[in-house]
Amino acid sequence: IRVKNGTYRELLNVVSSKKKITLLGQDRDKTIIAAINNNNLNSNGSSYRCMMEISGDDFRVYNITFRNLTPQGGSQAETIKVNNAKRCVASNCEFCSFQDTLLISGSMYLSDCYIEGDVDYIWGYGTVFFERCHLRTMRSGAYINQARNDAATLGYFYVDCTLSQPTGVSGSVFARIDQASFPYSQVVFINTTM
């Protein structure tokens, strides 16, 4: 599916029966999917409060910016939820929200992407490989990751990535875990600029 430049106000859902879908944006900076959705509006769980849910395997997206427009402090507001889909790919994309920007359960590869958030903004139960991605933390003392993988599932791997924060933001933490519930949580940073 080719997506021309423009701003699209949409909530999207790729159901599990829709496999091998590719979204190809015309220009990352000019092809924008943006909407407001959050836990205050839809409090029945992450599938209802995300801006886009992907349940179909082999989903691919290139050259698109995704923005959940919920303001900071406006409750949990995922931009993308990968719901047990396997072999998903995002390249040259932007994902912006505040709390819980990316919820990834399944498997995903992200390259050359920009990801922005404030609390646990990358989280879930999946196996994810990030390559040359830029993570920007927008609140002091915030956690970047909350991996919840089990003993049989690899966690989140960052290779050749960059971590940054705006002037005045400090004290961000790489990851946090609930040791009682998720003792096998795994987050790995390799050759990452911090």
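The values are calculated or read from the model by the stated rules, or taken from the named source; none is laboratory data. The shown structure was predicted, so the numbers you read here are calculated from the model rather than taken from an experiment. Please note that ligands, DNA and RNA were not included when accessible areas were found on the heavy atoms of the full protein model with its side chains. Shrake-Rupley method; radii C 1.70, N 1.55, O 1.52, S 1.80 Å.
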query = How much mean residue ellipticity at 222 nm does the chain get from its helices, if each DSSP H run of length 4 or more adds -39500 (n - 2.57) and you divide by all residues, to the nearest 500 deg cm²/dmol?
reply = -500 deg cm²/dmol
inquiry  = Suppose all protein chains stay in the model; what accessible area per residue would a 1.4 Å probe give for segment 90-194, in Å²?
reply    = 41 Å²
query = Where the accessible area of the chain is counted over protein heavy atoms with a 1.4 Å probe, how much of it, in %, is carbon and sulfur?
reply = 48 percent
inquiry  = Report, in listed order, any pair from 18/86; 4/81; 4/30; 20/86 with a Cα-Cα distance greater than 18 Å.
reply    = 4/81
note = Applying the gyration tensor rule to the Cα atoms of segment 4-97 (axes a ≥ b ≥ c; rounded if a/c under 1.5, else prolate if a/b exceeds b/c, else oblate), the class is oblate
task = Please report the relative contact order for segment 72-182, taking Cα pairs under 8 Å with a sequence separation of at least 6, and give it as a percent rounded to a whole number.
result = 21 percent
key: Shape call, the chain: gyration tensor on alpha carbons, a/c limit 1.5   = rounded
query = By how many nm would the segment from residue 20 to residue 89 grow when fully extended, if each residue of separation counts as 0.36 nm and the alpha-carbon distance is taken off?
reply = 23.8 nm
request  = State, as an integer percentage, the relative contact order of the chain based on alpha-carbon contacts under 8 Å between residues 6 or more apart.
outcome  = 14 percent
request  = Compare 178, 118, 100 in a GNM of the chain, Cα atoms joined below 10 Å, and give the one with the largest fluctuation.
outcome  = 178
key: Length added when fully stretched, residue 30-residue 2, from 0.36 nm per residue minus Cα-Cα   = 8.7 nm
